[in-house]
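Accompanying notes for the structure given below.
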């Protein structure tokens, strides 16, 4: 039990750390995500100039995003509520769509970058960004990540998280979900989504600590239950002896 909770906590921290490290690295090496506002040919040329580093960072980010799948499975074992059971497939789906969206960079973009001057390559790149990036990786990713977070916050509020941490998770989910309307150029949506992921990353780390603390309390709680049960049994046995005149 203790080993299992340690693995769950480690996955939560690893998920938060890996995605943020990759994001920071891409910001320095590729000016990501601002680079996506530039013409496709320029984006492809910039990618090609350092494609091994950039592609590797995107792969690392995809791995980090994919950790949400085992996280969802293990977190789903921390309770038995309906919300927590529902969170498992939602979390797995959130991981899946984000991995699909991110893997276009190390798998598909290098071939297009080698033809950066070809208008058809730029057109294909735009299509990939729209379908795999905006629609699948981002829009669905934001919605499913926010939904998973809310379900976990509701399902574990009383047993593991506590009310303050549960509310923090819901706030992070609300901010993350604003990214859904970012393609519509809604003012402030991009910033709110960015802040949401910062809060969410911190929440994952706090969640990991809460999981470890909960595991530490469980043996004490179990011992108290056994002691109370034993005392009750002893008392009942004594009462029976008194009644029978023994």
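The values are calculated or read from the model by the stated rules, or taken from the named source; none is laboratory data. Predicted model only: the values in this text are computed from it and were never measured. Here the Cβ is made from the backbone with ideal geometry for all residues, glycine too, and neighbour counts use every protein chain on show.
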Test for residue 167: is it under 18 Å from residue 68 (Cα atoms) and assigned to a helix (DSSP H, G or I):
no
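One line per residue, one yes/no per condition, for (1) surrounded by 13 or more Cβ atoms within 10 Å (Cβ to Cβ); (2) modelled with pLDDT of 50 or more:
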| position | (1), (2) |
| --- | --- |
| 187 | no, yes |
| 209 | yes, yes |
| 214 | yes, yes |
| 223 | no, no |
| 227 | no, no |
| 230 | no, no |
| 233 | no, no |
| 237 | no, no |
Taking the range 116-164 as the search range and keeping residues that are outside any helix (DSSP H, G or I), more than 22 Å from the chain's Cα centre (by Cα) and touching a residue at least 12 places away in the same chain (Cβ under 8 Å), which one is surrounded by the fewest Cβ atoms within 10 Å (Cβ to Cβ)?
117
Here are 55, 96, 101: which of them is surrounded by 21 or more Cβ atoms within 10 Å (Cβ to Cβ) and modelled with pLDDT of 95 or more?
101
Being part of a helix (DSSP H, G or I), under 21 Å from residue 201 (Cα atoms) and over 16 Å from the mean Cα position of the chain (by Cα): is that true of residue 58 here?
yes
Pick from 75, 43: which is touching a residue at least 60 places away in the same chain (Cβ under 8 Å), within 28 Å of residue 147 (Cα to Cα) and buried (at least 21 other Cβ atoms within 10 Å of the Cβ)?
75
Would you confirm whether or not the range 55-62 contains a residue that is within 23 Å of residue 130 (Cα to Cα) and without any contact (Cβ under 8 Å) to a residue 40 or more places away in the chain?
yes
Only residues that are over 12 Å from the mean Cα position of the chain (by Cα), assigned to a helix (DSSP H, G or I) and under 21 Å from residue 161 (Cα atoms): list them for the range 79-115, please.
82, 83, 84, 85, 86, 89
